[in-house]
Each structure stands twice: as structure tokens, then as C-alpha cells.
1. Of everything in segment 189-213, what is farther than 19 Å from residue 163 by Cα and at pLDDT 85 or above? Give them in sequence order.
2. Would you check if residue 368 is on the phi < 0 side of the Ramachandran plot and surrounded by 12 or more Cβ atoms within 10 Å (Cβ to Cβ)?
3. Going residue by residue through segment 335-343, is there one that turns out to be outside any helix (DSSP H, G or I), in the same structural domain as residue 223 (by TED's automatic domain parsing) and surrounded by 15 or more Cβ atoms within 10 Å (Cβ to Cβ)?
4. Quick check on my filter: what residues within segment 112-142 are modelled with pLDDT of 85 or more and loosely packed, with under 10 Cβ neighbours inside 10 Å?
5. It is to be established whether one or more residues within segment 159-175 are closer than 16 Å to residue 53 by Cβ, surrounded by fewer than 16 Cβ atoms within 10 Å (Cβ to Cβ) and more than 19 Å from the chain's Cα centre (by Cα).
6. Only one of these conditions is not met by residue 240: (1) crowded, with 18+ Cβ neighbours inside 10 Å; (2) closer than 15 Å to residue 357 by Cβ; (3) within 19 Å of the chain's Cα centre (by Cα). Which number is it?
7. Select from segment 24-51 the residues that are part of a helix (DSSP H, G or I), modelled with pLDDT under 85 and under 24 Å from the mean Cα position of the chain (by Cα) and list them in ascending order.
8. I'd like to know if segment 324-334 contains one or more residues that are surrounded by 17 or more Cβ atoms within 10 Å (Cβ to Cβ) and part of a loop (DSSP other than H, G, I, E, B).
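The values are calculated or read from the model by the stated rules, or taken from the named source; none is laboratory data. Everything quoted here is computed from the prediction, not taken from an experiment. Don't worry about glycine lacking a Cβ; one is built from the backbone with ideal geometry, like all the others, and counts go over all protein chains shown.
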């Protein structure tokens, strides 16, 4: 089957004979065993029986979650807002609602749609509805639509293929990774097998099948192996327990056989996949573009030129992951910084140390994936005709 959608390169089926042979050899000797191992891992670890997803009741019997729209912010204790019910048996009624003060101070306004927890046992108190969450389906859906339109307008069919790869990867997470973890499968193996399946889907769907994309995939696997090894050692050596959040403790209560340290390790491995794929695709593409600009360039110069680009990528990678953590964990950092203790003690606190190790491990894997991918690309790109 001919594939015409590849990183700006010639289709695999239209490659010169020497490069086509190299592509087939690479796919057979390296990628095919990885694919077979991934399929075998999926078959072995795939959860059997009824899926545990959705098995834990969210509400007690008789309770329900209804939608309402705030019509008045009163600020009265026990009746902070009044809202019109949009669902449920009392649809159309305006009822008092208890709202936590931190929610009231940070965004509850007239016109907002909210989700309310209805408790029949609280009818006698006169306030059976309490704030559950905001109803945010519409704005998030609009953002998703805008995202899809922008990707399609800028990247066109390749953007559509990339979104298909993303959707396939999310299916792997929902149908395989989460149920497997819930049923007690080894988290590290789940991360490796699931991550491998996600990479096959995302790379080949987004960029097509070619020597170039296969080179990027191999570089990704090398970075994944480095990340996994370092994460395994780092979590053990630093005694990271994975039990620093309330959510982790709840998980252990719902799934007693789940080791939180292994779950942390699984998260570190999966978290680095996207960035790994980004740098390897870039490096493979850089080498192929250098070769296209000067087809007489020897492999050594291709590697040197690719690494010049790679060093810039490394420089940006050093702070990219760190900035991403600072942005997502700002409340934790603020709280940690408020205590009277030294910088090192602050960084070594459990909840922060987990992210420090995560960032360092992922960064090392990313940095080492760049020269590995560049070397593979320089070795596989079609050599000068004179050679």
C-alpha cells in the first residue's frame, strides 16, 4: 500500500531502490519486532471481564445532580445564591443554594450555569441543593471546535491526521491503560505497552509511513527507554511514594492492590511521550531537509548540522518542561514558599520532589533522544550518488 502523507518527503513507495530497501529493512528488523511486542503486551495485559471504569458509585442512593442558572447572589449564610432549576422535578423553580465562600469569591456570578447536588434528606432544612460544580460544557466545546478549525486551516490534512492520532491515543488510555491499572496490572508494563501503542498511532497517523517517520519513532523509543530506566531508579532512590495528594490516597482506598509508587512511575513515563515525539520528529525532519538542500553532503556533516539544530532544541527543552510544571503547580509552590524553610528543603518536600524528579528524568530522556535520532537519520538518509 502506497503512503503519500509523509513529513514533506517522497512517498515510501516512490523512494529510490536503495532507500526503499533501507526502509523495508528498518521496518522489518527494528520496528516490526517493537510492534509485535506491543500487540503481545496489549493482549497479555488487556483487562478481562467487566470493566472497572465507572464501577465506584459517585452519589449515595436518592441523590442526584441537577443543572441550574444563578439569578441572584445574596451572600446570605446558608443561602449564598439563588438559582433557577433547569433540570429535575423542580424545573423552573428558583431555589436557595449553598456555595462555598472560596467559589463565591472567585467567580460565581449572575447568569452562570452550575451543577447542584440534590439531597432528599436535606429537604427539612429548606436547603436541599448545594453547589457541586460549574456547568462548563459549552465553553469547553467551543474551545475544542476552535482548536480543530485552527489546526485544519493551518495544517490541513496533516492536522486532521494528527487529531485522528490523538483520538486513537486517547482510546488506548481509556480502553486499555486505565482499566488495566484498576485491575492490578503492573503499572510500568502498562505504561510501556500503552505508550508504545500511542506512539505507533500518533506518529504514523500524523506523519505517514516513511523512513523519516520511522527514524523519529525509533528515536522516541530510545528516549522512552532512557526515561523509563531513570524514572525507575529515581523514584526508588528518592523514596518517592506517590501518596502526597488526597486523590492518590483515595485511589489506594478504592483499589487496595495498586502501589502508588508504581503509579507515579507510570505517570512519569507517559508524561514524557508527547515532548519526546516532538523533538524526534523535528530532528529527523532537520536531517532530511539538510540532505535535500545539499545531496552531496556526507553523513558526518549531516549529523553535525542536525546537532546544531538539536542543540537549540535542547536549550529550549531545558526550560520547557520546568515552565510547564511551574505553571500547573503554582498553588503548591505558593504554599510551599510561604513556610519558613530553606530552598533545598522546600524542593525536597514530597509533593515538589516528585515533580522535580519527573522534570529531570523527562529532560534527560529528551536530551539523549536528540543525538540518537540525529545519528539514525544521518545513517538512513540516502547517501550521495558519488559515494
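1. Result: 189, 190, 191, 192, 193.
2. Judged against the criteria, residue 368 is a match.
3. Scanning segment 335-343 turns up no residue that is outside any helix (DSSP H, G or I), in the same structural domain as residue 223 (by TED's automatic domain parsing) and surrounded by 15 or more Cβ atoms within 10 Å (Cβ to Cβ).
4. Residues satisfying the conditions are 138, 140.
5. For segment 159-175, residues closer than 16 Å to residue 53 by Cβ, surrounded by fewer than 16 Cβ atoms within 10 Å (Cβ to Cβ) and more than 19 Å from the chain's Cα centre (by Cα): absent.
6. Unmet condition: (3).
7. 31 - this is the single residue of segment 24-51 that is part of a helix (DSSP H, G or I), modelled with pLDDT under 85 and under 24 Å from the mean Cα position of the chain (by Cα).
8. no
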